[in-house]
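The values are calculated or read from the model by the stated rules, or taken from the named source; none is laboratory data. Please read all numbers here as calculations on a predicted model, not as lab measurements. Don't worry about glycine lacking a Cβ; one is built from the backbone with ideal geometry, like all the others, and counts go over all protein chains shown.
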Amino acid sequence: MKLSWAILTCLWTASILAQNNQNSWWAFQPVYKPPVPKNGAHWARNPVDHFIARQLDAKKLTPAKSANRRTLIRRVSLDLTGLPPTLAETKSFLEDPSPDAYEKLVDRLLASPRYGERQASLWLDLVRYADSDGYRADHFRPEAWRYRDYVIKSFNTDKPYDLFVREQLAGDEIDPANRDALTATMFLRHWIYEHNQRDVEMQWAEILADVTNVTADVFLGLGMQCARCHDHKFDPILQKDYFRMQAFFAPMLPRASMPVGTIAERTAHYKAMQQWLQETDTLRRKLRAIEQPVLLQHATREGFDKFIDKIKIMIRKHPEDRNAYERQIAEMASRQFDLEQSKLPERLKGYTKTEWEKLRTALRPFEAKKPKLLPEIKFVVSDAGPIAPVTRIPKKDIVVQP
């Protein structure tokens, strides 16, 4: 009993210390402009050199000799474009007597399309970009390249970093008519995906954890993974903090496609579609009651029957009756099977088929009134609904807010 109390006391103390130390932790201090050291006055060419010189002096080290021009152009070319200079480029730089020859070289490299490609390759590694799903099946992602090109374009057009961040985390919210902003949300789609994972809820939890972890790594420079299971052992990050951050992504819904348009266009389309759905609600529900059992019974690929009953209920539920979490799980599960709509007429028999045909005939006049789809973009995300799913700390059943 004494040992148990000792352990509990240590855990409680660690939690309090984590809270108290958050504001004083070195990594969380605000950015400030320190005075430039005097070190390196005889060789420093810019303020950064003075800071380097101070560290060299502290370790009793001397700087390397200045690189010659041939070495310099190779270094800067490889650094900015990932490619060595051509013979002609090297010759031009070596023969340029102007005092700003190096500055002109850097400006030319920064203006090159290769610059964006080089910098994008570093960013794409950070955000775990891939052209396929991963795992053994490793299915191809035919739309993923659009995010790659978005990142390249962002570097080459010198997009402000704050906008670059906002577009990737909430492009569909801040600029829904901008294809670039919507493409940026593919940042939230780069998780590895196992196409036949029957434990869909566990898979979704792993996806949310992946998005949380990578967002912290990339945008905060902070490894938060440890805090998923417990308060961080070294950094002042509580488990509660981890799930509060994850709560920001709780409403996320992976979309095969979504409309592109101004807020006014999307609002008008949404209202028209809601009116059409309301007018056809009874007919569509009756049709679904006939069609869905047959479609699910004959579902191809991984099939429907292997899911547990809880998941089956979510899939069977009418889309307009699902809550946000049920939409997410039903969407992930539905990726695993195909419904052969074209074969439905031959699989319906007798009275059921007669009723189905009557309902189809009754619905036909409304089809002409259905609002036309707006232009679409694929492989993106949006919100699962106006009310976000609740975020809980696992095994503790503690609800947290963003």
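Summary of computed values
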quantity: Checking R141 against (1) without any contact (Cβ under 8 Å) to a residue 60 or more places away in the chain; (2) in contact with a strand residue (DSSP E or B) (Cβ under 7 Å, 6 or more places away or on another chain); (3) not acidic (D, E), the condition it does not meet; calculated: (1)
quantity: Selection count where residues are outside any loop (DSSP other than H, G, I, E, B) and surrounded by fewer than 16 Cβ atoms within 10 Å (Cβ to Cβ), scope segment 245-264; calculated: 4
quantity: Every residue from segment 49-96 that is among the small types (G, A, S), closer than 30 Å to I152 by Cα and over 40 Å from the mean Cα position of the chain (by Cα); calculated: A88, S92
quantity: Test: residue in segment 152-160 that is under 15 Å from the mean Cα position of the chain (by Cα) and in the same structural domain as W191 (by the TED database); calculated: no
quantity: Candidates I329, I315, I311, filtered to the one that is out of contact with any strand residue (DSSP E or B) (no Cβ under 7 Å at 6 or more places or on another chain), surrounded by 12 or more Cβ atoms within 10 Å (Cβ to Cβ), among the β-branched types (V, I, T) and closer than 20 Å to D281 by Cβ; calculated: I315
quantity: Of all residues in segment 274-306 being of a type outside the set (D, E, K, R) and outside any helix (DSSP H, G or I), the one that is surrounded by the fewest Cβ atoms within 10 Å (Cβ to Cβ); calculated: T300
quantity: Segment 140-197: number of residues that are of a type in the set (S, T, N, Q), in a helix (DSSP H, G or I) and closer than 27 Å to A268 by Cα; calculated: 3
quantity: Number of positions in segment 62-96 that are more than 20 Å from V106 (Cβ to Cβ) and either in contact (Cβ under 8 Å) with a residue 12 or more places away in the chain or surrounded by 11 or more Cβ atoms within 10 Å (Cβ to Cβ) (or both); calculated: 1
quantity: Filter pass, S342 being in contact (Cβ under 8 Å) with a residue 24 or more places away in the chain and either outside any strand (DSSP E or B) or within 30 Å of E201 (Cα to Cα) (or both); calculated: no
